[in-house]
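Student: Below you'll find the structure I mean.
The values are calculated or read from the model by the stated rules, or taken from the named source; none is laboratory data. Everything quoted here is computed from the prediction, not taken from an experiment. Here the Cβ positions follow ideal geometry from the backbone for every residue, glycine too, while neighbour counts run over all protein chains shown.
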Amino acid sequence: MLRNAFADLATDETLQDVLAKLPAAPATAGGQATGNASLAQIVTLLTTEGGYLDGVETLLAAVRDKLIASPATDAKVEAVRALLAGTLVVSAAALPLPFGAATSGKQDTGNTTLASILAALGTTLAVSAASLPLPNGAATSAAQTTMSTTLANILTALGATLKVQTPIPAGVVTGQVPLTANTTAQLPSVPLVNGIVIKAAATNTAPVLIGPSGVTTTTDGTGTGYPLQPGEACSFALANANGVYARSTAAGVIFYEGN
């Protein structure tokens with residue numbers, strides 16, 4: 001009867017809840033037997049003569065003996081502290097040289113070379129350019145000889161009478177220019193090489209003044225012309241006859257010739 005009462009209470013929902021709370025892989029008798037065997041092996045290793053436990057005991061005993069044989073004292077601690085606080089003397093005498101380091105033998109050789117250089121610098125250095133190549137375009141002894149000869153010839157010519165040759169004109173240019181009283185007349189355009197000669201006609205009744213453009217007939221020292229009395233002449237060196245102007249206070253004639 002009681003059983004039937006509990007049976008009535010068990011439903012599908014309560015059974016599902018119970019199953020959900022069970023582990024996915026519950027321990028079995030076989031699994032427990034395997035675990036027990038592993039635990040037994042661990043106990044054997046820890047307790048057997050020469051096992052892991054004995055090894056640990058041996059190591060601890062060695063540490064203990066070291067501490068007892070040379071225990072740290074206050075004096076030793078103070079000595080270490082003083083050593084660290086002071087200046088440590090480090091000697092590199094026994095240290096190996098780095099790769100390629102200079103040795104005493106190599107330094108002696110270098111010192112000897114430097115001494116030789118110093119001695120040479122303290123004296124007069126002999127420098128010879130005999131074997132040096134000449135720069136491009138440099139004067140040579142042959143070229144200097146030729147130049148010396150040319151200079152000697154020039155010097156000789158300068159010490160003698162120099163001959164000056166003027167260009168030979170193509171022909172002679174001549175002409176006449178009539179003058180009107182108080183009117184400036186310009187000579188015609190004629191190219192010249194050696195210059196021009198101008199002459200006042202002997203029949204003129206007044207002086208003719210020759211000069212540049214703007215020439216005047218004033219003869220008190222403020223004028224700009226060169227006076228030619230009747231029959232007188234003057235010459236000028238210029239490139240063209242049209243650079244000459246003439247003026248007179250009376251009618252007259254002037255003559256010119258050039259080349």
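Student: Could you say whether any residue in the stretch 47-58 is among the hydrophobic types (A, V, I, L, M, F, W, C) and modelled with pLDDT of 70 or more?
Tutor: no
Here is a yes/no grid of residues against (1) among the aliphatic types (A, V, I, L, M); (2) in contact with a helix residue (DSSP H, G or I) (Cβ under 6 Å, 6 or more places away or on another chain); (3) in contact (Cβ under 8 Å) with a residue 12 or more places away in the chain:
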residue	(1), (2), (3)
G195	no, no, yes
I198	yes, no, yes
N204	no, no, yes
P212	no, no, yes
T218	no, no, no
G221	no, no, no
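Student: Every residue in the stretch 216-232 that is surrounded by 14 or more Cβ atoms within 10 Å (Cβ to Cβ) and within 27 Å of N194 (Cα to Cα), please.
Tutor: Answer for the stretch 216-232, where residues must be surrounded by 14 or more Cβ atoms within 10 Å (Cβ to Cβ) and within 27 Å of N194 (Cα to Cα): T224, G225, Y226, P227, L228, P230, E232.
Student: Could you list all residues from the stretch 234-259 that are without any contact (Cβ under 8 Å) to a residue 40 or more places away in the chain and either in contact with a helix residue (DSSP H, G or I) (Cβ under 9 Å, 6 or more places away or on another chain) or surrounded by fewer than 14 Cβ atoms within 10 Å (Cβ to Cβ) (or both)?
Tutor: Within the stretch 234-259, none qualify.
The rows are residues; the columns are (1) of a type in the set (F, W, Y); (2) within 25 Å of E232 (Cβ to Cβ); (3) loosely packed, with under 11 Cβ neighbours inside 10 Å.
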position	(1), (2), (3)
T150	no, no, yes
N153	no, no, yes
A157	no, no, no
A160	no, no, yes
Q165	no, no, yes
G175	no, yes, no
T180	no, yes, no
T184	no, yes, no
I196	no, yes, no
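Student: Could you tell me which of the residues S213, S189 is in the same structural domain as L238 (by TED's automatic domain parsing), hydroxyl-bearing (S, T, Y), in contact with a strand residue (DSSP E or B) (Cβ under 7 Å, 6 or more places away or on another chain) and loosely packed, with under 10 Cβ neighbours inside 10 Å?
Tutor: Answer to the selection: S189.
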